[in-house]
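One structure is given below, represented as structure tokens, and several questions about it will come after.
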Amino acid sequence: MKSVFVIAKDNIKKKKTNAVIMILLIAIATMFLYVGISVIGNCNKVIDACNEKNNGADFFYFSESVYYQEIIDLVCENEHVIESCQGEFLYADNAYYGKDEIDQKDGNESPFIFEKKEEGRNISKHNMIDAKGEWTENSVVLPYYMHVANGYEAGDTFVIETEGVKIYCTVYGFVEDVMFSNPMTMTTTKIVISDAIYERLRPVLKLYRGVRARLDGYDTEQFDKVIENEVQQLMVEKDAVGTNYHISLNYDMMKSGTGTLVMIFMAMLTVFAVLLILVVLIIIRFNIGNSIEENIKNIGIMEACGYTSKQMICAVVLEFSILGIVGTALGLVIANACSKALGNIIASAMGLLWNVGFSLVSAILTVAAILAFILLIARVSAKKYKKISPLDALRNGIYSHNFKKNSLRLEKSPLPLNASLGVKSTLFNLKKNIFITIVVVILTFVTCMAFAIFKNFSNMSTMLPIVGVEYTDIMLVPKDNEYNQYEEMSEKIKQRNEVENVLTLTSYSVILSVNGEEEQIHVDAYDHPDEMRIDILAKGRMPIYDNEVVLSTLMCNKFDLDIGDVITLKLGETEGEY
């Protein structure tokens, strides 16, 4: 065993440059793979831990309906509710905000939920992060993502303007809430304000009242559907079908949305790591083959001196095992050193505090996977030692005769001599050239994907058309549900020179019924769907006639629907086939 180790160490010394490059490649692949596995494995755990720490709600339902108390009773009296908490908040359809001062050109605007700071609340507690100073009548608590993603700090001045009311606040701290964790999963921003600010905003904003509930383990998405159906029935009984403005959230849906973006990027990072590992394995394959060709005489001498092919194979496997161990260790050290910066990036995407630290399980899986592949490729590539006899080695690997067919004879080739020699050389080293081509293809793919991802995801105006979202620069909503003048307003806006396109629509929450199965869905009803600029279709065409509808692929797959099938949509007592 000692002699095998000496050979492996000597081989590493001879190829110091190759060894360093190999270690760096393995380290980068290890770092990427560890980060991907660690984040994917711990993402849901972090979300669940955050929700448990804050005793977060499993179900959230708030409405501006005058029948809010009946809705609250529907939720609280459900058999699956073990704990509930009633409350209220103010809702702003749109508000501008900024640090120190508002600059509307920056595009810092969002719908807002304004909630009073409640010390005794038991569900969705306000557990402060980085709180600073004393709570005053101008204090405000921001969501955690505004700290890690937007750079707000405790003590900063936070300015917000909505419905003509402009308020200067002081940031007291930050809170986590899975239901409102980041703007990618919930476009509405929820902030906690003082009683004084709340009373200033109350006359100009919509008041929503409702309930937060904890369930006994019952599926939260199914519970959401049950409550939606019961509320629709209640509205029919009260002859208040038009009262359709509410916010209904369930934990499973919001949990999935909170981790989706992170999971997508981590999955892509893991794929890149796998591709990089594949490149490393191909390089190892070349390295061993080239080493045998360059040192074939030495191999023959060693065999003549009594070394067996098995010992030399073990030496090669040990050589790359050492490089693999050093590379994976270096990769884990780098990943651990960057864990704080990585945690901030993940926290800014999720909107939740990422404090996982070093994951031993992820490290073991990463190291085991990489070393297993390295040992396997080294063992397979080193098999060539068994085919080399001392006599062949001392002949420099030249055999007395090659029984392969000579497909390109130089004296009969129509190509110039140099071209013929080049083709013969390519065919003679066909396996090596195929592997080189694979490496170039992989590197080209990774590079193109990296540039494409950066180009498409760095700009929302580029990303949204890709995913089929009809986005706007401005959205106007009639105040107090007065729809009788919206057509006149739409025509006036169309006449402005700076306006390219205007779409008029109404949104509903309806029940989709297919073969006895029902599903609560959101529907956007456009006056002229043919005027939409973004192609949202996966199949078929936009509706032309009044009895046509376009469904998402999710609903089509769930109910096994295709073009031409008939569905029923219900809104209160009104229903129709489409």
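The values are calculated or read from the model by the stated rules, or taken from the named source; none is laboratory data. A quick note: this is a predicted structure, and the numbers were derived from the prediction, not measured. Positions of Cβ are generated from backbone atoms using ideal geometry, with glycine treated the same way; all protein chains shown enter the neighbour counts. Ligands, DNA and RNA are excluded from the accessible area calculation, which covers all protein heavy atoms including side chains. Shrake-Rupley method; radii C 1.70, N 1.55, O 1.52, S 1.80 Å.
Only residues that are among the polar types (S, T, N, Q) and either in a strand (DSSP E or B) or within 19 Å of I102 (Cβ to Cβ) (or both): list them for segment 113-172, please.
Correct list: N138, S139, N150, T157, T162, T170.
Now for a different question. Cβ contacts < 9 Å: first residue without any contact (Cβ under 8 Å) to a residue 40 or more places away in the chain and assigned to a helix (DSSP H, G or I), restricted to segment 329-352; second residue among the polar types (S, T, N, Q) and open to solvent by 60 Å² or more (accessible area, probe 1.4 Å), any location; separation 6+ or different chain. Result?
Hits for this filter: G343/N355.
Residues in segment 173-229 that are out of contact with any strand residue (DSSP E or B) (no Cβ under 9 Å at 6 or more places or on another chain) and under 17 Å from N138 (Cα atoms): how many?
Final tally of qualifying residues: 2.
Under 8 Å between Cβ atoms, which residue pairs at least 6 apart in sequence (or on different chains) link something in segment 117-130 that is over 10 Å from G173 (Cβ atoms) with a partner that is among the β-branched types (V, I, T)?
What qualifies is K117/V141; K117/V192; K117/I193.
Just to check your reading of the model, which residue among I40, I12, I23 is open to solvent by 10 Å² or more (accessible area, probe 1.4 Å), touching a Gly at 6+ places or on another chain (Cβ under 7 Å) and among the β-branched types (V, I, T)?
Residue meeting the stated conditions: I23.
Within segment 252-274, does at least one residue satisfy the condition of being in a strand (DSSP E or B) and surrounded by 22 or more Cβ atoms within 10 Å (Cβ to Cβ)?
Within segment 252-274, the first condition is being in a strand (DSSP E or B), and the residues that meet it are none.
No.
Now, a different point. Could you check how many residues of segment 81-104 are outside any strand (DSSP E or B) and open to solvent by 50 Å² or more (accessible area, probe 1.4 Å)?
Of the residues in segment 81-104, 4 are outside any strand (DSSP E or B) and open to solvent by 50 Å² or more (accessible area, probe 1.4 Å).
Quick check on segment 549-578: of everything there that is farther than 14 Å from V514 by Cα and over 34 Å from the mean Cα position of the chain (by Cα), which residue is most open to solvent (accessible area, probe 1.4 Å)?
Across segment 549-578, the extreme among qualifying residues is E573.
Which number in (1) of a type in the set (D, E, K, R); (2) open to solvent by 100 Å² or more (accessible area, probe 1.4 Å); (3) at pLDDT below 80 marks the one condition that E470 misses?
Exception for E470: condition (2).
Quick check, is L360 of a type outside the set (D, E, K, R) and modelled with pLDDT of 80 or more? Lay out the reasoning, then the answer.
On the way: of a type outside the set (D, E, K, R): yes; modelled with pLDDT of 80 or more: yes.
So L360 fits the description; yes.
Residue by residue through segment 195-224, note down the ones that are open to solvent by 50 Å² or more (accessible area, probe 1.4 Å) and either under 21 Å from R121 (Cβ atoms) or in a helix (DSSP H, G or I) (or both).
D195, E199, R200, R202, R209, D216, E221, Q222, listed by residue number.
If we scan segment 127-136, do we find a residue that is crowded, with 18+ Cβ neighbours inside 10 Å and among the hydroxyl-bearing types (S, T, Y)? Break it down into steps so the answer makes sense when it comes.
Step one: list which residues in segment 127-136 are crowded, with 18+ Cβ neighbours inside 10 Å, which gives none.
No, there is no match, as no residue in segment 127-136 is crowded, with 18+ Cβ neighbours inside 10 Å and among the hydroxyl-bearing types (S, T, Y).
What's the number of the only condition in (1) surrounded by fewer than 19 Cβ atoms within 10 Å (Cβ to Cβ); (2) under 33 Å from the mean Cα position of the chain (by Cα); (3) not hydroxyl-bearing (S, T, Y) that V178 fails to meet?
(1) is the only condition that V178 fails.
Quick one: is I536 free of Cβ contacts under 8 Å to residues at least 60 places away in the same chain and under 27 Å from the mean Cα position of the chain (by Cα)? Give the derivation first.
Working: free of Cβ contacts under 8 Å to residues at least 60 places away in the same chain: no; under 27 Å from the mean Cα position of the chain (by Cα): yes.
No; evaluated as a whole, the condition is false for this residue.
Let me ask something else. Checking D48 against (1) assigned to a helix (DSSP H, G or I); (2) touching a helix residue (DSSP H, G or I) at 6+ places or on another chain (Cβ under 7 Å): exactly one of these is not met. Which one?
Unmet for D48, out of (1) assigned to a helix (DSSP H, G or I); (2) touching a helix residue (DSSP H, G or I) at 6+ places or on another chain (Cβ under 7 Å): (2).
Additional query: Six or more apart or on different chains, Cβ atoms under 8 Å: show the pairs whose first residue is in segment 308-325 and closer than 12 Å to A19 by Cβ and touching a residue at least 40 places away in the same chain (Cβ under 8 Å) and whose second is of a type in the set (G, A, S) and open to solvent by less than 20 Å² (accessible area, probe 1.4 Å).
E319/A8; E319/A378; F320/A378; I322/A8; L323/A19
Would you confirm whether any residue within segment 504-524 is open to solvent by 90 Å² or more (accessible area, probe 1.4 Å), farther than 24 Å from T472 by Cα and not small (G, A, S)? Talk me through it step by step, then tell me what you get.
The initial filter retains those residues of segment 504-524 that are open to solvent by 90 Å² or more (accessible area, probe 1.4 Å), namely 515, 517, 522.
Adding the requirement that they be farther than 24 Å from T472 by Cα leaves 515, 517.
Pick out the ones that are also not small (G, A, S) and you get 515, 517.
Scanning segment 504-524, I find at least one residue that is open to solvent by 90 Å² or more (accessible area, probe 1.4 Å), farther than 24 Å from T472 by Cα and not small (G, A, S), so the answer is yes.
Evaluate segment 227-244: report whether one residue or more is closer than 27 Å to K45 by Cβ and at pLDDT 85 or above. Please lay out each step first, then the result.
So in segment 227-244, the residues closer than 27 Å to K45 by Cβ come out as none.
Among the residues of segment 227-244, not one is closer than 27 Å to K45 by Cβ and at pLDDT 85 or above, which makes the answer no.
Mind checking which residues of segment 161-174 are open to solvent by 10 Å² or more (accessible area, probe 1.4 Å) and in contact (Cβ under 8 Å) with a residue 40 or more places away in the chain?
Within segment 161-174, the subset open to solvent by 10 Å² or more (accessible area, probe 1.4 Å) is 161, 163-166, 168, 170, 172.
Listed by number, the residues that qualify are E161, E163, G164, K166, Y172.
Condition test on K383, is it at pLDDT below 70, more than 35 Å from the chain's Cα centre (by Cα), open to solvent by 40 Å² or more (accessible area, probe 1.4 Å) and on the phi < 0 side of the Ramachandran plot? Before you say what the answer is, go through the steps one by one.
Values: at pLDDT below 70: no; more than 35 Å from the chain's Cα centre (by Cα): yes; open to solvent by 40 Å² or more (accessible area, probe 1.4 Å): yes; on the phi < 0 side of the Ramachandran plot: yes.
Spelling it out, it is not the case that K383 is at pLDDT below 70, more than 35 Å from the chain's Cα centre (by Cα), open to solvent by 40 Å² or more (accessible area, probe 1.4 Å) and on the phi < 0 side of the Ramachandran plot.
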